[in-house]
């Protein structure tokens with residue numbers, strides 16, 4: 001049943017855009033302070049960066065892609081499950097995705113990551129469980145893809161890409177964020193998976 005009202009998704013989007021733009025164009029120190037550095041996370045007690053890093057982005061393209069995805073999936077998810085569960089889903093995805101990154105990169109002093117991709121992946125995959133037949137348009141593929149097929153391809157690609165150790169994209173965060181979205185549904189609404197096959 002759809003829940004009326006939504007305040008969390010718009011607020012998260014406004015904060016993310018505002019803080020990211022301030023860091024990119026006004027004070028780069030904001031981004032530096034928010035970076036999630038697995039090597040320093042426990043050693044220097046940089047616990048707040050597990051959350052703060054989700055509100056800054058590397059460049060405009062990174063920000064636009066994440067916010068575009070966020071807009072189309074987070075807003076309907078908050079309406080569907082309610083504000084408090086949505087907040088739990090979003091920040092659960094952010095924390096779990098960073099926990100995976102920490103485990104893999106904890107001994108790498110030069111590694112740092114930022115962005116909301118892990119949290120957004122959690123929202124996206126929770127959405128896919130509830131609305132598996134929704135058609136998704138993925139750039140640059142010119143035809144709509146059923147959500148469940150996208151999920152399979154996304155997980156497979158993220159796993160493969162995470163083993164390549166190339167580029168600046170944190171594919172571990174994508175993969176762990178996706179898993180955390182599925183975990184959230186399994187914990188809060190286990191019947192949703194059964195309904196996939198009805």
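The values are calculated or read from the model by the stated rules, or taken from the named source; none is laboratory data. None of these values were measured; they are calculated from a predicted model. Every residue, glycine among them, receives a Cβ derived from its backbone with ideal geometry; neighbour counts consider all protein chains shown.
Name, by its number, the condition in (1) touching a helix residue (DSSP H, G or I) at 6+ places or on another chain (Cβ under 7 Å); (2) without any contact (Cβ under 8 Å) to a residue 12 or more places away in the chain that does not hold for residue 68.
Looking at each condition in turn, residue 68 falls short on (1).
Out of 158, 113, which single residue is modelled with pLDDT of 85 or more and within 18 Å of the chain's Cα centre (by Cα)?
113
Go through (1) free of Cβ contacts under 8 Å to residues at least 40 places away in the same chain; (2) at negative phi one by one and return the number of the condition residue 36 breaks.
Here residue 36 meets the rest and fails (1).
Condition test on residue 153, is it over 28 Å from residue 108 (Cβ atoms), modelled with pLDDT under 80 and surrounded by fewer than 20 Cβ atoms within 10 Å (Cβ to Cβ)?
The answer is yes for residue 153.
What number goes with the only condition from (1) farther than 28 Å from residue 51 by Cα; (2) at pLDDT 75 or above; (3) exposed (fewer than 15 other Cβ atoms within 10 Å of the Cβ) that residue 137 does not pass?
Only one criterion is unmet by residue 137, namely (2).
Can residue 118 be described as surrounded by 20 or more Cβ atoms within 10 Å (Cβ to Cβ) and either assigned to a helix (DSSP H, G or I) or in contact with a helix residue (DSSP H, G or I) (Cβ under 6 Å, 6 or more places away or on another chain) (or both)?
Here the answer is yes, as residue 118 does meet what is asked.
Considering only segment 133-143, I want to know if a residue exists there that is outside any helix (DSSP H, G or I), closer than 20 Å to residue 104 by Cα and free of Cβ contacts under 8 Å to residues at least 24 places away in the same chain.
Within segment 133-143, none of the residues are outside any helix (DSSP H, G or I), closer than 20 Å to residue 104 by Cα and free of Cβ contacts under 8 Å to residues at least 24 places away in the same chain.
Could you identify the single residue in 108, 170 that is closer than 25 Å to residue 32 by Cα and more than 20 Å from the chain's Cα centre (by Cα)?
108
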